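The values are calculated or read from the model by the stated rules, or taken from the named source; none is laboratory data. Every value quoted in this text rests on a predicted model; they were computed, and no experiment measured them. Cβ coordinates were reconstructed from backbone atoms using ideal geometry, including for glycine residues, and neighbour counts include every protein chain displayed. Just so you know, the surface numbers come from the protein's heavy atoms only, side chains and all, with ligands and any DNA or RNA stripped out. Shrake-Rupley method; radii C 1.70, N 1.55, O 1.52, S 1.80 Å.
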Amino acid sequence: MANSTKTARPGYRCAECGAAAAKWLGRCPECQAWGTLEELGVPKPRTVKAGPVSAPAKPIGQVDATTAKARPTGVDELDRVLGGGLVPGAVVLLAGEPGVGKSTLLLEVAAAYAGGARPALVVTGEESTAQVRSRADRIGALHDELYLAAETDLSAVLGQIEAVEPGLLILDSVQTIASAEVDGVPGGITQVREVCAALIRVAKEKDLATILVGHVTKDGNIAGPRVLEHLVDVVLQFEGERHSTLRIVRAVKNRYGPTDEIGCFEMRESGIKGLPDPSGLFLSQRSEAVPGTCVTVTLEGRRPLVCEVQALVAPSPLPQPRRATSGLDGSRVSMVMAVLERRGRVPLAKNDVFAATVGGVRLVDPAADLAVALAMTTAAIDAPLPPTVAAFGELGLAGEVRPVAGLGRRLSEAARLGFRTALVPRPAPGGETVKPPPGMRVVEVSDIADALAALHTMISR
């Protein structure tokens, strides 16, 4: 039994005219009588009594877990991020910038899902059904069990669910749906919270897998109240540059699978296609080595990706040299530059420095620090690294090169793509040593000075 006390603000009423006031006043604001406001009775505390339960509690070993088994969506890269597929009753929030391809991807998911035991329902609040049908024709996402509706009222959406009885609901987007029972404009905090709560309730009752499309702010954060991310089961971020064909789906929250996994897609005229091996997109296609480039291997979840870092160092005519980054964390690049200048004696202070990644990928893995440092060094001395060299390691402010996680997977992926030499951190005393793949030479370095010495040795050969 739980006790809940409702605290109410005491009210006052004029004994002469009956006017109400929130606080005591010496003179009634209505009839102007003095000393006539009297305090109303304060409500008694309420007690919440035990009521009927929806289902009796049972030992956890007797709970049937088959209802929570994931069903594949038919899109392998999305299934990788979701942890195997969509769980019946799960609510997924997919957010991304306008035009990145959210609607196209989900239309393909709906068409693939519709071939199963239950139909799929797509409710659009931003486009007409004719517009969505035109896109479906272009990408080949047509199926007899794929239903389409254009609604902006919550009660109409619930009516469509009752009529179709789908196994998958896609709502594009949650910010366009409003409830007549709630005050506020569509997309407002109150409306979005009520719409999301109602859809979650229906999803749990009907074992209905639901995907809600969400907008993002100009900062890239999910729009709407933060409580949305707590209410839903899975939060996915759809990332991609407008001028690049690469698209990445990243799991931010996942109650049914890993939260550090990504799925890679390529935007084409015929739709969005999964990329089971995207490493080749992040490497330049050149016949000979160029100064200012270095290859690294980053880990996104359990997936190793081979990426190329490029740097350009040029004398600056300005009193304050320019610094620019693309695909890299600007503050981390500045730290690497400071370590190179102070610990490695690489002159960068009076030069313009530009650093970028290839293919539109964004590197947030600290293991890319060593590759960034080597790319800047080769750009400064105008001498290229051999094209078969890869490097990964985290730099500290003291110049040390720290060990990184997943060293074996990084080496295996680099060797698979033809790299024959790897600069890696020296393992800590008592730490685990990794046997290099066949045909790969591993050069262990303990600090930036060791790395630069190994770099000069490779260049001089």
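Let me confirm something: among Ile222, Ile211, which residue is touching a helix residue (DSSP H, G or I) at 6+ places or on another chain (Cβ under 9 Å) and modelled with pLDDT under 80? So that I can check it myself, show each step before the final result.
Numbers: Ile211 fails: modelled with pLDDT under 80.
On inspection, the qualifying residue turns out to be Ile222.
Of all the residues that make up segment 365-391, how many are in contact with a strand residue (DSSP E or B) (Cβ under 8 Å, 6 or more places away or on another chain), assigned to a loop (DSSP other than H, G, I, E, B) and either touching a residue at least 60 places away in the same chain (Cβ under 8 Å) or among the acidic types (Asp, Glu) (or both)? Give the derivation first.
Taking segment 365-391 and keeping what is in contact with a strand residue (DSSP E or B) (Cβ under 8 Å, 6 or more places away or on another chain), we get 365-376, 378-380, 384-386, 388-391.
Restricting the remaining residues to those that are assigned to a loop (DSSP other than H, G, I, E, B) gives 365, 384-386, 388.
Right, trim to either touching a residue at least 60 places away in the same chain (Cβ under 8 Å) or among the acidic types (Asp, Glu) (or both) and you get 365, 384-386.
Matching residues across segment 365-391 total 4.
With (1) modelled with pLDDT under 95; (2) in contact with a strand residue (DSSP E or B) (Cβ under 8 Å, 6 or more places away or on another chain); (3) open to solvent by 60 Å² or more (accessible area, probe 1.4 Å) as the list, and Glu288 as the residue in question, which single condition is left unmet?
If we test Glu288 against (1) modelled with pLDDT under 95; (2) in contact with a strand residue (DSSP E or B) (Cβ under 8 Å, 6 or more places away or on another chain); (3) open to solvent by 60 Å² or more (accessible area, probe 1.4 Å), just (2) comes out false.
Could you check segment 400-411 and list, in sequence order, the residues that are within 17 Å of Val443 (Cβ to Cβ) and not in a strand (DSSP E or B)?
Filtering segment 400-411 down to residues within 17 Å of Val443 (Cβ to Cβ) leaves 400-404, 407-408, 410-411.
Those that are within 17 Å of Val443 (Cβ to Cβ) and not in a strand (DSSP E or B): Pro403, Val404, Leu407, Gly408, Arg410, Leu411.
Look at segment 358-371 and say how many of its residues are open to solvent by 10 Å² or more (accessible area, probe 1.4 Å) and within 16 Å of His456 (Cα to Cα).
0
Could you tell me whether Leu281 is modelled with pLDDT under 85, under 20 Å from the mean Cα position of the chain (by Cα), crowded, with 17+ Cβ neighbours inside 10 Å and assigned to a helix (DSSP H, G or I)? Lay out the reasoning, then the answer.
Numbers: modelled with pLDDT under 85: yes; under 20 Å from the mean Cα position of the chain (by Cα): no; crowded, with 17+ Cβ neighbours inside 10 Å: yes; assigned to a helix (DSSP H, G or I): yes.
No, not satisfied.
Here is a list: Ala355, Ala324. Which entry is surrounded by fewer than 19 Cβ atoms within 10 Å (Cβ to Cβ) and within 30 Å of Glu239 (Cβ to Cβ)? Lay out the reasoning, then the answer.
Working: Ala355 fails: surrounded by fewer than 19 Cβ atoms within 10 Å (Cβ to Cβ).
Only one candidate qualifies: Ala324.
Of everything in segment 83-121 that's of a type in the set (A, V, I, L, M) and assigned to a loop (DSSP other than H, G, I, E, B), which residue is modelled with the lowest pLDDT?
Taking segment 83-121 first, the residues of a type in the set (A, V, I, L, M) are 86-87, 90-95, 100, 105-107, 109-112, 114, 117, 120-121.
When the remaining residues are screened for being assigned to a loop (DSSP other than H, G, I, E, B), the result is 87, 90, 100, 114, 117.
Working: Val87: 93, Ala90: 95, Val100: 87, Ala114: 91, Ala117: 78.
Ranking the qualifying residues of segment 83-121, first place goes to Ala117.
In this structure, is Val87 over 30 Å from Ala156 (Cβ atoms) and touching a strand residue (DSSP E or B) at 6+ places or on another chain (Cβ under 8 Å)?
Values: over 30 Å from Ala156 (Cβ atoms): no; touching a strand residue (DSSP E or B) at 6+ places or on another chain (Cβ under 8 Å): yes.
Here the answer is no, as Val87 does not meet what is asked.
May I ask you to list the residues in segment 178-217 that are outside any helix (DSSP H, G or I), among the aliphatic types (A, V, I, L, M) and either open to solvent by less than 20 Å² (accessible area, probe 1.4 Å) or in contact with a Pro (Cβ under 8 Å, 6 or more places away or on another chain) (or both)? Spell out the reasoning first.
Our first condition is that a residue be outside any helix (DSSP H, G or I); within segment 178-217, this holds for 178-188, 207-217.
Imposing the further condition that a residue be among the aliphatic types (A, V, I, L, M) reduces the set to 178, 180, 182, 185, 208-209, 211-213, 216.
Residues satisfying the conditions are Ala178, Leu208, Ala209, Ile211, Leu212, Val213.
Can you find even one residue in segment 65-82 that is open to solvent by less than 60 Å² (accessible area, probe 1.4 Å), at pLDDT below 85 and not in a helix (DSSP H, G or I)?
The answer is no; no qualifying residue exists.
Might you let me know whether segment 51-59 holds any residue that is within 35 Å of the chain's Cα centre (by Cα) and of a type in the set (D, E, K, R)?
Among the residues of segment 51-59, not one is within 35 Å of the chain's Cα centre (by Cα) and of a type in the set (D, E, K, R), which makes the answer no.
What are the residues in segment 284-311 that are more than 30 Å from the chain's Cα centre (by Cα), on the phi < 0 side of the Ramachandran plot and not hydroxyl-bearing (Ser, Thr, Tyr), if any? Walk me through it before giving the result.
Start the filter on segment 284-311 by keeping residues that are more than 30 Å from the chain's Cα centre (by Cα), which leaves 286-292.
Imposing the further condition that a residue be on the phi < 0 side of the Ramachandran plot reduces the set to 286-291.
Selection gives Arg286, Glu288, Ala289, Val290, Pro291.
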